[in-house]
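The values are calculated or read from the model by the stated rules, or taken from the named source; none is laboratory data. Keep in mind that what you see is a predicted model, and the values were worked out from it rather than measured. Positions of Cβ are backbone-derived with ideal geometry, glycine not excepted, and every protein chain shown enters the neighbour counts.
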Amino acid sequence: MIAWLNPTSGIRFWGYVFWISLATRPAARVSPGHHDQASTPVPQPLFHEPFIHVDPTPGLSSAVRNTTLIGRGCEKKKGDAVRGFNDFWVSVVGCATATLWGWMLLIMPIGPCRANERPAEASVAELAALVKDGNPSAYLAAETLGHIGQGAKDALPILASACSAKDARLRVAAAVAILEIDPSEVDDVPSVAVKTLLSMLKDKSPDIRREAVRGLGHVRTMAPETIQQLALSLSDDDAFVATHAADTLAELGEPAVASLIEGVKQDSTVMLALVALGRMGEKAKQAQAVISKRLGDLDPIVRQEAALTLGQIKPEPASAVASLLPLLDDPANAVKGAAVVAITLQGAEGKRAAGKLTMMLDDKAEFTRLVGAYGLAMLGVVEPAIESKVLAILTTGLADPRPLVRRESLRGLASLGAAARSAREAVEKLLADPEEGISSAAKETLEKIDAKTKQ
């Protein structure tokens, strides 16, 4: 993007780097016969993940830390006198440079970075001229025109011409800018901009395809053939492109259901298609049959997502519950849990699972007992004979190390209302839980327990 960067920011940054490097530089170099800091082994991380790095000099980045090790690569055959001489001049130069930069830090004003500010509309003509010239940076001008919005309408003819430019970056930037500038354009299908972006979905560069699929997200209505072309991107090798294609299809709603049904049938696109259909909710009811077939998939991850999606689309409840009940015996815990959640979303029909859920309370597996108790509580079918057992299981779930289990246990207790008052102390402890959403769920659970107790 075109940005107006404050020239003092870089100067200030490097000034800080010089000060840090001077402050952290070793005071004296030891002789080769002694144990040098450079020979100290770097401690290994406990978990061997590629993004974990144990810094032997805490608080400093690798770049700054390396700055403090000036001269360590010197050959050891050099005499101590030579090394001392070098150290002297390094110190002198370092002090002088740091002092100079320090004064610059003090006397130079801090100016605001305006990289995220939109340029004034008066610059539209100049930006349009840059786009028309077609130079290598013209695509940046096109992107900036798009950010200006409707104030750049005068540039639309030039942007439309740029949709046929040789530079792929300029073509995609111009097409996206048209959709951002003129809202009426997003309903004019097929338009020059939409046609351009669809053609860019086949570009060899993943960056171009990303911008194309992002631009199509501005389109509110699409012709069936356009939707079909976009749905092909669900199988794109680039995760960003595939995910954004699914998001756009989900936003289109019912017109995109047919293409997503085809996506559910394909192993390469089934997951993204299921997620998109689930986001549509009731608009995707017609996909119930194809989703139900995926409940028997060999992949437990697909079975799990199919169960959740079936619950989200609010299908015909009786048939949905009948399809979900077998999953309560699934060997995969995630599938079993997803099935229980989906059943609780089926209203009165979900109560048909009460018998099976009650049997799960006595299962040897802790997770099975927990999801059984959760399902009974959410459906409101906890009989007095099993109330204490359900309460004990859900209370135990509050101490589970998994945040999701703690949160869902809280939801189950909230559904029990006053009957869960004996778990109040355990719930209060979660008010200080650091995991996102746990403390708020605990607060809500306490409010429901207290409210129903007063009644």
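Values for this structure:
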quantity: Sole exception among (1) out of contact with any Pro (no Cβ under 9 Å at 6 or more places or on another chain); (2) loosely packed, with under 14 Cβ neighbours inside 10 Å; (3) assigned to a helix (DSSP H, G or I) for LEU413, by number; calculated: (2)
quantity: Residue pairs meeting the criteria (Cβ under 9 Å; at least 6 apart or on separate chains; first within 14 Å of GLY134 (Cα to Cα), in region 154-166; second not in a helix (DSSP H, G or I)); calculated: ALA162/GLY134; ALA165/GLY134; LYS166/GLY134
quantity: Qualifying residue in region 162-170 (condition: in a loop (DSSP other than H, G, I, E, B), farther than 14 Å from MET200 by Cα and either assigned by TED's automatic domain parsing to the domain that holds MET200 or touching a helix residue (DSSP H, G or I) at 6+ places or on another chain (Cβ under 8 Å) (or both)); calculated: no
quantity: Scan of region 202-231 for residues that are assigned to a loop (DSSP other than H, G, I, E, B), among the hydrophobic types (A, V, I, L, M, F, W, C) and in contact (Cβ under 8 Å) with a residue 40 or more places away in the chain, ordered by number; calculated: VAL219
quantity: Every residue from region 376-391 that is surrounded by 15 or more Cβ atoms within 10 Å (Cβ to Cβ) and either assigned to a loop (DSSP other than H, G, I, E, B) or among the small types (Gly, Ala, Ser) (or both); calculated: ALA377, VAL381, VAL382
quantity: Test result for ALA193, without any contact (Cβ under 8 Å) to a residue 40 or more places away in the chain, part of a helix (DSSP H, G or I) and under 23 Å from ARG279 (Cα atoms); calculated: no
